[in-house]
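Student: The structure follows.
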């Protein structure tokens, strides 16, 4: 088996199962375990899977148990994220005071904003703040402790800052979304900030592609009824029929 074929088979196998051991991958590909370990190093560095002790985990499965870095998230469901971001950007008006949560899909929204949109923004994301400032947009950066994986600010200082503001519009991300558990994330500090900001927002939207539906991460930050979900991709009918769900078609060629 050629190296590229072996790498593709490893990614496919891990994606289908969610997790796979080095032994299982070696048996499936006919390669030695030392070769598989080197392959997993390469695939991990390329953000195609997550290497764990004794094997590998699919990116989406890892997203439920730990916060992926922004670099890891960018390659997941890129076309769906772009469609969601473009729809979300169309909702922003010149008189809005907009809260922007941390995360890759909200970052795509920032990229879609016009420098002349006229809105004022507040965010707990260092990355979002830098991108907004580069566009010449007015942005308030909430203080707090920096989380390295997501470049998010959290903690008592962030919560104190959020409590002072009243947002007309806001956009959030989520690691998992279910009927029973609502919107869930992995990090307790980020969950607290998300919940507090949503409580201070007149119109809240959660931006999440269809892969997040039916999945549960560790901590609930809000019930489904607290925001409108904007999603894209292979959305099950039972979700598409909900009154507070907007399904955006994936754009051709993306």
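Student: So is residue 207 under 30 Å from residue 144 (Cβ atoms) and touching a residue at least 60 places away in the same chain (Cβ under 8 Å) or not?
Tutor: Yes: the conditions hold for residue 207.
Student: Quick one: in segment 123-141, of everything that is part of a strand (DSSP E or B) and closer than 25 Å to residue 83 by Cβ, which residue is farthest from the chain's Cα centre (by Cα)?
Tutor: By that ranking, first place goes to 139.
Student: Taking residue 171, is it assigned by TED's automatic domain parsing to the domain that holds residue 82, within 21 Å of residue 109 (Cα to Cα), assigned to a strand (DSSP E or B) and in contact (Cβ under 8 Å) with a residue 60 or more places away in the chain?
Tutor: Yes, satisfied.
Student: While we're looking at this one, here's another question. Looking at segment 147-164 only, could you name the residues that are modelled with pLDDT under 95 and surrounded by 13 or more Cβ atoms within 10 Å (Cβ to Cβ)?
Tutor: Passing the criteria: 147, 149, 150, 151, 152.
Student: Among the listed residues 176, 214, identify the single one that is within 20 Å of residue 108 (Cα to Cα) and modelled with pLDDT under 95.
Tutor: The match here is 176.
Student: Given (1) farther than 25 Å from residue 94 by Cα; (2) surrounded by fewer than 24 Cβ atoms within 10 Å (Cβ to Cβ), where does residue 167 come up short, assuming only one miss?
Tutor: Looking at each condition in turn, residue 167 falls short on (1).
Student: So, one more: Take segment 152-164 and flag every residue that is touching a strand residue (DSSP E or B) at 6+ places or on another chain (Cβ under 6 Å) and in a loop (DSSP other than H, G, I, E, B).
Tutor: Result: 155, single match.
Student: Tally the residues that are outside any helix (DSSP H, G or I) and crowded, with 24+ Cβ neighbours inside 10 Å, restricting the search to segment 102-121.
Tutor: Restricting attention to segment 102-121, the residues satisfying the condition of being outside any helix (DSSP H, G or I) are 102-103, 113-121.
Subsequent filtering for residues that are crowded, with 24+ Cβ neighbours inside 10 Å retains 102-103, 121.
Qualifying residue count for the region: 3.
Student: Residues of segment 48-68 being surrounded by 14 or more Cβ atoms within 10 Å (Cβ to Cβ) and modelled with pLDDT under 70, which ones?
Tutor: 59, 60, 61, 62, 63, 64, 66, 67, 68
The values are calculated or read from the model by the stated rules, or taken from the named source; none is laboratory data. All of these numbers come straight from a predicted model, not from anything done at the bench. Glycine gets a Cβ as well: all are built from the backbone with ideal geometry, and neighbour counts include every protein chain shown.
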